[in-house]
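Down below is the structure, laid out as C-alpha cells.
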Amino acid sequence: MSLRFFLDKARESRLLTVVTDEIDPHLEMAQVISRLEGPPLLFERAKGYDCSVVASLCGARENVAVGLGVEVGQLLFTLAEAVAHPSVPPVVESGPCQEVVEEQVDLETLPILTHLPQDAGPYITAAVAVTKDSDHGRNVSFHRLLRLDHSHLVARLVEGRGTDMLLKKSPGDVEVAICIGNSLPVLLAAATTPSPDVDEFSIANALHPTTLVKCLTVDLEVPSDTEIVLEGHFTRATAPEGPFLDLTGTMDIVRQGPIIEVSCITRRHDTIYQALLPGGLEHKLLMGLPREPTIFAEVSKACCCVNVLLTPGAGTWLHGVVQIRKQDADDGRRAIEAAFRGHPSMKHVVVVDEDIDIYDPTEVEWAIATRFQADRDLMVLENQPSSSLDPSATHVPGEKSRTTKMGLDATIPWRKPNGEPRAPEEREQFRRIRYEA
Ligand SMILES: Cc1cc2nc3c(=O)[nH]c(=O)nc-3n(C[C@H](O)[C@H](O)[C@H](O)COP(=O)(O)O)c2cc1C
C-alpha cells in the first residue's frame, strides 16, 4: 500500500482535496495546509519545483481508517494487533523508489517547506529515518530535519530514544536512510515506540503487506514504494537545530543536533513530496494514535478497559480519556495509575463509564459535572516524569522534565459520601435520561 495507493483510495472516497493553484513551499503552503486541515491534501503545483506535494495524510482518524480499511473505532485494536504481532517484511530485488538515482545530491531541488518566519529554515517534517544497530537491528523513527545546504541536514533527536542511543554508543559516522513520501502503515509504525529489538517495518508489514529494497550506497533497507530516499550518514559534527514549532504549538528551544551528510538520492518518477504541518492535526494524531494501544494494554491489566482516546485539545499527547466497564469501586483509581504507566508523557486523564461517548468532549464534561467530586475522585501525583513538550513543566537541560499529574475518576461512584456501598439501582440514578427519537 503506497502513498499513491492511498491517494487513489482517498480520491475514490471523495476524501482528497486537490489544490490546483501554484503554491509556494516558502511560508505560503503551510498556511494553506493549516486552513484546509483534516482531509488529505494534494498540491499539484509547488512554485519553483517540478513535483507535487501531499499533506495531511493522517490529518483525521477517518483518513487513517480509510487507509487501513477499518472503522475509526477499530483503529486502536488494529494498531494493537500489529504491535503485538509484527511480521518481518520481505526484501525484494528492486522497487519504484529507485526509478531515478541522483549521485549529484542537491536537496534544494526538493520542495522542502519553510513553515513559519520564526523557523531556523526549511524543514523536512514527514521523513522517517532508518538506521541499523548491531545489538538491536533496524530502527525506524521520525526526526525533523533542518536543511543546511544542498547536501547537509541537521536532525532533532529526542534524548534516550533509539537513534539518539545509537549515535551515543557508535564511535564513528552512522549510516542512515531518510524516507519521504511513505505509506500510512509505515508512518504509523515509525511513530510507535516498541522495545528496541522490534523493527518498526515489521509493524508496518503487519498493518499491510510492505516490501523493502536494499539501498544503493548504504547497508540499509527501505520501503520499495517510498517516493524519495536520501541515503547518507550521521557525521560526528553538530549544528544548532531550531527554533521550530513543536507539537504543543509553542516554539521549541534551540539545541545542538547531529549533522547528516546525504550522499545519494533515489526517487520515483513523477515524485510526490510529503509535507507534515508541525503542531497540526496530523502531527498530533501520529504522535497520539500509537499511544492509545499502549494505554489500553496497561489499563486492561488493572481493570476492564473498553476504549482510550488522546484528546486533540492537548496535542493528542498530554490529555486522555479512558473508558472502563467498572467492576469494582476502585477501578477508576486503578485505571488512572495504569493510564500514566501506559503513556508516561500523559499529564491529565479522565476515566469514564461505558455510557459516555469518549469522542464527544461535552459528554466527558457531563460525566465530570455529574459523577465527580474533587475531594474523593481527584488524584494528584507530584514530581512525575514529564513530556519535554509541556512548556509549563520543569525543564533542566540533560535531565528528564518533571511535572505534576492529575487524574479524574468521573465514573459513577459506587460508594455513598459516608463510605457505604451504593446498591446497583442507586447507581442507575447517575445515568443520563435521553429523549429517544
Ligand atoms: C510527526 C512526528 C514527528 C516526530 N519528530 C521527532 C523528532 O523530530 N525527533 C525525535 O527524536 N522524535 C520525533 N518523533 C518521535 C519519534 O519518532 C518516536 O518517538 C519514535 O517512536 C522513536 O522511537 P525509537 O525509540 O524506536 O527510535 C516524532 C514523531 C512523530 C509522529
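Working ranking of peptides 405-414, 3-12 by packing, defined as the average number of other Cβ atoms within 10 Å per residue, highest first, is 405-414, 3-12.
For a 22 Å ceiling on Cα separation, which of these pairs sit above it: Lys169/Lys214; Lys301/Lys400; Lys132/Lys169?
Working: Lys169/Lys214 25 Å; Lys301/Lys400 27 Å; Lys132/Lys169 12 Å.
Check vs 22 Å cut-off fails for Lys169/Lys214; Lys301/Lys400.
Among residues other than Val229 whose Cβ falls under 12 Å from its Cβ, what is the net charge (Lys/Arg +1, Asp/Glu -1)? Overall, the nearby charge balance is -3. For His85, the solvent-accessible surface with a 1.4 Å probe is about 110 Å², rounded to the nearest 10. Ranking Tyr273, Tyr49 by solvent-accessible area of protein heavy atoms (1.4 Å probe, all protein chains present), from largest to smallest, gives Tyr49, Tyr273. Can you tell me how much longer the chain between Thr235 and Tyr359 gets when fully stretched, taken as 0.36 nm per residue apart minus their C-alpha distance, in nm with one decimal? Full extension from Thr235 to Tyr359 adds 40.1 nm. Listed by chain and number, the aspartates and glutamates whose alpha-carbon sits under 13 Å from that of Lys405, ignoring those within fewer than 8 places in the same chain, are Glu337, Glu382, Asp390. The stretch 253-302 and the stretch 99-123 have Cα centres spaced 17 Å apart. Once backbone amide H atoms are built at 1.01 Å from N, Leu276 has Thr125, Ala126 as its partners under 5 Å, excluding neighbours fewer than 5 places away on the same chain. Relative contact order for the stretch 302-437 using alpha-carbon pairs under 8 Å, separation at least 6, rounded to a whole percent? Relative contact order comes out at 22 percent. Rolling a 1.4 Å probe over the protein heavy atoms leaves Glu71 with an accessible area of roughly 130 Å². Here the contact order of the chain, divided by its residue count and restricted to Cα pairs under 8 Å and six or more residues apart, works out to 14 percent. Counting only DSSP beta bridges whose two residues both lie in the chain, roughly 75 percent are antiparallel.
The values are calculated or read from the model by the stated rules, or taken from the named source; none is laboratory data. Keep in mind the model is a prediction, meaning the values are calculated, not measured. Here Cβ is always computed from backbone atoms with ideal geometry, including for glycine, and neighbour counts include all displayed protein chains. Note: areas computed on protein heavy atoms with side chains; ligands, DNA, RNA excluded. Shrake-Rupley method; radii C 1.70, N 1.55, O 1.52, S 1.80 Å.
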